[in-house]
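These notes are about the structure you will find just below.
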Amino acid sequence: MAVGVIALPIKEAAPGSGVRLSGFLAARSLKRKTPVLHVTHIEFVENFGRDIENGFQTQQQKEG
């Protein structure tokens with residue numbers, strides 16, 4: 001579920017679009033410790049999947 005400013009770009013996104021999210025994890029509630037991702041920034045990326053390994057983006061360190 002998305003609300004507020006974060007919901008607006010998601011509304012226009014096509015299914016299968018690549019996204020880069022940032023935010024924080026917090027417990028669902030005091031009784032339920034299941035983590036919930038609170039997204040504070042969303043960015044749509046082109047060439048989604050090009051640098052993806054096992055579901056996570058890998059970063060190559062440049063030598064030089």
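The values are calculated or read from the model by the stated rules, or taken from the named source; none is laboratory data. Since this is a predicted model, take the numbers as computed values, not measurements. When we count neighbours, we look across all protein chains shown, and the Cβ atoms used for this are built from the backbone with ideal geometry, even at glycine.
The set of residues in the range 1-22 that are among the basic types (Lys, Arg) and under 10 Å from ILE42 (Cβ atoms) contains only ARG20. Residue count for the range 14-49 under the criterion of being without any contact (Cβ under 8 Å) to a residue 24 or more places away in the chain and among the charged types (D, E, K, R): the result is 4. For ARG50, the criteria (1) at pLDDT below 90; (2) touching a strand residue (DSSP E or B) at 6+ places or on another chain (Cβ under 8 Å); (3) surrounded by fewer than 10 Cβ atoms within 10 Å (Cβ to Cβ) hold in every case but one, which is (2).
Could you list all residues from the range 1-20 that are surrounded by 12 or more Cβ atoms within 10 Å (Cβ to Cβ), modelled with pLDDT of 80 or more and either among the β-branched types (Val, Ile, Thr) or not in a helix (DSSP H, G or I) (or both)? Answer for the range 1-20, where residues must be surrounded by 12 or more Cβ atoms within 10 Å (Cβ to Cβ), modelled with pLDDT of 80 or more and either among the β-branched types (Val, Ile, Thr) or not in a helix (DSSP H, G or I) (or both): ILE10, ALA13, SER17, GLY18, VAL19. Across the range 21-45, the qualifying residues are those that are in a strand (DSSP E or B) and in contact with a Lys or Arg (Cβ under 9 Å, 6 or more places away or on another chain), and the one among them that is modelled with the lowest pLDDT is VAL45.
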